[in-house]
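The structure under discussion appears below in the form of structure tokens.
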Amino acid sequence: MDFSTFNHAQPAEAAAVLRPCVDITRWVEEIVALRPFASRNELIEFAGRAANPWTAEEIDGALAHHPRIGERAAGNSAEAGMSRKEQSGVVRSPEVQAALEAGNRAYEEKFDRVFLIRAAGRSAEEILEQLQKRLHNSPDEEIAVVAQQLREIAVLRLEGAIEA
Ligand SMILES: NC(=O)NC1=NC(=O)NC1=O
């Protein structure tokens, strides 16, 4: 959808573009309510700080839409397509794949949620390095990192969804 159409669309139509970026209603509704934005850049910039901070409940609700790193998102929803595209660069050797799977399991064991990282533009090795580093975080430290990664993914998705 182009910026001008988004800016003047019906609220439900605008919300439908935002929802696949991150499934957090407060974020979607704040952006829809603030339209019309003066520019695409202003929209993107606001999206980077809207509904801050997200609660742990909001984050965990949104995580349900994110496949594990190394797992291919199934289905033909907008989110699944975005996840596949974001993870398309995460090509990996069998060894790295095995290490990612073990890392995901250890992470879920410790934090009781899926390991989330902004995968776009990152190699499997870098993701594995981040996973192993973050495993040492305390739960409070880690939820802040997860929130930042989720927001980066949301903004990247929004930039992809709204053409100039
Ligand atoms: N578990 C994940 O980190 N998933 C994802 N990261 C992305 O950048 N897209 C995803 O679906």
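If you wrap the Cα atoms of the chain in a convex hull and average its projected area over all directions, you get 9.2 nm². Every helix of 4 or more DSSP H residues in the chain counts as -39500 (n - 2.57), and over all residues that averages to -19000 deg cm²/dmol at 222 nm. Scattering from segment 9-79 was approximated by placing one identical point on each alpha carbon and applying the Debye formula without solvent; log10 I(q)/I(0) at 0.12, 0.14, 0.16 1/Å stands at -0.37, -0.49, -0.63.
Taken together, the values in this text are just the output of simple stated rules run on the coordinates, not laboratory data. All values reported here derive from a predicted model rather than from experimental measurement.
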